[in-house]
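Taking it in order: structure first as structure tokens, then the write-up.
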Amino acid sequence: MKIKILGTGCPNCQKLEANVKEVLAELKIEASLEKITEIQDIMSYGVMGMPALVLDERIVSTGRVLEVKEIKIFLNQFKIPKD
């Protein structure tokens, strides 16, 4: 799973990153986590509100900091089943 946080590094972006890391650790999900901070790169996603959360190149949230429980729901929906 590839996770991207789109944002310029503001406190809300940092909080979203911390929440995502907390969920990944708690659920023991292996994923690559990338922060996209360049405005040009963020705009390529068509995102107008930040921070934004992108899972496997699909935008799942924009313009707010998701709570831990909300992130769990999204990650469980996108998690690839283990063989």
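Structure notes:
- Amide H to amide H, with H built 1.01 Å from N, residue 35 comes under 5 Å of 5, counting only residues 5 or more places away or on other chains.
- Among 32, 61, a tally of other beta-carbon atoms within 10 Å of each Cβ gives an order, fewest to most, of 32, 61.
- Taking 47, 23, 60 in turn, the Gaussian network model of the chain (Cα-Cα springs below 10 Å) assigns the largest fluctuation to 60.
- Between residue 12 and residue 67, full extension at 0.36 nm per residue minus the direct alpha carbon distance yields a gain of 18.7 nm.
- Relative contact order (percent, whole number), the chain, Cα cutoff 8 Å, 6+ residue spacing: 39 percent
- For the chain, the average shadow cast by the Cα convex hull is 4.9 nm², which is a quarter of the hull's surface.
- The gain in end-to-end length when the residue 32 to residue 77 segment is fully stretched comes to 14.5 nm, 0.36 nm per residue minus the alpha carbon separation.
Readers should treat all values here as calculations from the given coordinates under stated rules, not as data from a laboratory. What you are looking at is a predicted structure, and each value in this text was computed from that prediction instead of being measured. Every residue, glycine as well, gets a Cβ built from its backbone with ideal geometry; the counts of neighbours run over all protein chains shown.
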